[in-house]
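The block underneath contains the structure these notes are about, expressed in structure tokens.
The values are calculated or read from the model by the stated rules, or taken from the named source; none is laboratory data. The structure displayed is predicted, hence computed values, not measured ones. No Cβ is skipped: glycine too gets one built from the backbone with ideal geometry, and neighbour counts run over all protein chains shown. The area values use the complete protein model at the heavy-atom level, side chains included, leaving out ligands, DNA and RNA. Shrake-Rupley method; radii C 1.70, N 1.55, O 1.52, S 1.80 Å.
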Amino acid sequence: MPDYETLKLLWWAIIGVLLIGFAVLDGFDIGAAMLLPFIGHDDTERRLVINAVGPTWEGNQVWLVTAAAALFAAWPLVYAAAFSVLYGALMVVLFGLFLRPVGFDYRSKLADPRWRNGWDWALCVGSAVPALLFGIVFGNLFVGLPFAFDGEMRVRYDGSFFDLLNPFSLYCGVVSVAMLLNHGAVFLAGKTRGELQTRAGFIALWSGFATAALFAAGGAWVAQLSGWHLTEIGALGGVLSPLSKTVSTAPDWFGNFRAQPMLAAVPTAGVALPLIASLVAVKGWPRVGLAASGTGVAAIIMTAAAALFPFVLPSSLDAASSLTLWDATSSHKTLAIMLGLVAVFMPIILVYTRWVYRVMRGPVTAERLDTDTHSY
């Protein structure tokens, strides 16, 4: 069994992989659904967009469910504090996500154009709202969330849903929307043909440049924000209380990048890969384009994780109440048992996912819609 310190670090990486897996795999179908009312000029084209993501979108959301379950089991304090502080935002995300399965299933029930147009907008809103709010939540991690623990580790929250909508967090929401729009457009450029493919390529081009520019400008904004620095903490391999550590103010969140200059490759990839994905998608190399946009999404999220490390839930009310990967974890035995489960089930999920995408490979065309009895 790995020692406790190693397990804490491993679970930080595992939860990061699960969140990145959700953003990369579900990100392109969220992006495609956001584009639905704009990129499809008639019912056939909108059906092509829906059928491009229809066979896989439910499986992609398994990554979000798994990440939430892992958060509950591995980081119970983070789960408790996050679901208290971010309750309003998470409820809005949940209601937004409700529109997606309903929209996919009900749109094709009637041929009435108004019925189908209404569900197209429901799918668009149900995808755009979570994309925006996920970015807002990430932005608030850099600003700090207004929570604190008392002596008995009861969480106190001084704020409301609207306090989360500060300028920097709203900006991060815009970055998130642009990033997933680009990912979705690159996917559609490879999955469709004809005028729809041309339109998707055009959107991929401008959204790729927008993502790169917004992400780079966001880095400049982060440089103006004060960060946290972990000054003192007990033995990393021991059981730690969040309130036992000492946290001081740092001039910014770039301390890890200065300490490890090689980390600069991560944000560099976050800027370069959306540009590469866009240019490659326009050139008609769909697999390379999708790989580049997916890796770009991963690089952008990893940049945030690297900047915050070892913090996972910074507090703006009481710095010592900030949760880190060292003091917010479950017991040594719990983490070890869960690691065994991951070793068994993660390969199964990966093999299943690979098999599904292999079966569903190839472009979606109008002719295929006419012959496929399972099409939306």
Check your understanding: What value, in deg cm²/dmol to 500, does the helix sum -39500 (n - 2.57) over DSSP H runs of n ≥ 4 give at 222 nm once divided by the residues of the chain?
Key -> -23500 deg cm²/dmol
Review point. Sorting MET262, MET302 by accessible area (1.4 Å probe), largest first, what list results?
Key: MET262, MET302
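Per residue and in cubic angstrom, what volume does the convex hull of the Cα atoms of segment 174-243 have?
Numbers: hull volume 10.0 nm³, N = 70.
Cα convex hull per residue, to the nearest whole number: 143 Å³.
When a/c reaches 1.5 or more, the comparison of a/b and b/c decides; with that in mind, is the chain rounded, prolate or oblate per its Cα gyration tensor?
Numbers: a/c = 1.87, a/b = 1.75, b/c = 1.07.
Here the chain falls in the prolate category.
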Check your understanding: Around LEU313, which amide H atoms from residues at least 5 apart in sequence, or from another chain, sit under 5 Å from its own amide H, with H modelled in the peptide plane?
Key -> LEU323
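Of the beta bridges DSSP finds with both residues in the chain, what % are antiparallel, to the nearest 5? Write down the numbers at each step before the final one.
Values: 10 of 11 bridges.
Counting only bridges with both partners in the chain, antiparallel ones make up about 90 percent.
Considering only protein heavy atoms and a 1.4 Å probe, what is the carbon-and-sulfur percentage of the accessible area of segment 310-365?
On the way: 2010 of 2790 Å².
Solvent-exposed carbon and sulfur of segment 310-365 make up 72 percent of the total.
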Revision key, fill the gap. In degrees rounded to 10, the 0-90 angle between helix 4-39 Cα long axis and the longest Cα principal axis of the chain is 30 degrees
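Can you give me the accessible area per residue for segment 299-354, using a 1.4 Å probe, in Å²? Write down the numbers at each step before the final one.
Working: 2340 Å² over 56 residues.
Value for segment 299-354: 42 Å² per residue.
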Check your understanding: Per residue, how much accessible area does segment 184-288 show when a 1.4 Å probe rolls over the protein heavy atoms, in square angstrom?
Key -> 52 Å²
Review point. Once fully extended, how much extra length lies between ASP43 and VAL239, figured as 0.36 nm per residue of separation less the alpha-carbon to alpha-carbon distance?
Key: 64.7 nm
Point to revise | Rounded to whole Hz, the Karplus (6.51, -1.76, 1.60) HN-Hα couplings of segment 141-148, x for glycine and proline | key: 5, 7, 7, x, 9, x, 9, 7
**Study point:** 0 to 90° range, to nearest 10: angle between helix 87-106 axis and the chain longest Cα axis
**Key:** 20 degrees
Exercise for review: Would you list which lysines come within 30 Å of LYS333, measuring only between C-alpha atoms, while excluding same-chain residues fewer than 8 positions from it?
Suggested key: LYS8, LYS245
Practice item. At 7 Å along the Cα-to-beta-carbon direction for both ALA343 and TYR157, put a label point, then send me their distance in nm to one decimal. Key: 3.7 nm
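Over 20 Å apart: what share of the alpha carbon pairs of segment 133-199 falls there, rounded to a whole percent? Spell out each step's value before the answer.
Details: 1120 of 2211 pairs.
For segment 133-199, the share of Cα pairs beyond 20 Å comes to 51 percent.
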Exercise for review: Could you work out how far apart the two model spin labels at LEU350 and TYR106 are, taking each label as a point 7 Å from the Cα in the direction of the beta carbon, and quote it in nm?
Suggested key: 3.9 nm
Practice item. Note the full-extension length gain between THR246 and VAL288 as 0.36 nm times their separation in residues minus their Cα-Cα distance, in nm to one decimal. Key: 10.5 nm
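For segment 232-352, report the % of Cα-Cα distances exceeding 16 Å. Spell out each step's value before the answer.
On the way: 5305 of 7260 pairs.
That fraction is 73 percent.
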Check your understanding: For GLU367, what accessible area in Å² do you get when you roll a 1.4 Å probe over the heavy atoms of the protein chains, rounding to the nearest 10?
Key -> 130 Å²
Review point. So which residue, out of ALA307, ALA200, ALA235, gets the largest mean-square fluctuation from a GNM of the chain using Cα contacts under 10 Å as springs?
Key: ALA235
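Run the numbers for ASP3 and PHE72: contour at 0.36 nm per residue of separation, minus the present Cα-Cα distance, in nm. Don't jump to the answer; show the numbers that get you there.
Numbers: separation 69, 0.36 × 69 = 24.84 nm, distance 2.11 nm.
Contour length minus the Cα-Cα distance gives 22.7 nm.
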Review point. Quick one: helix 76-85 against the long Cα principal axis of the chain, what's the angle to the nearest 10°, folded into 0 to 90?
Key: 70 degrees
Practice item. Identify which of ARG354, ARG199, ARG47 has the largest mean-square fluctuation in a Gaussian network model of the chain, with springs joining Cα atoms closer than 10 Å. Key: ARG354
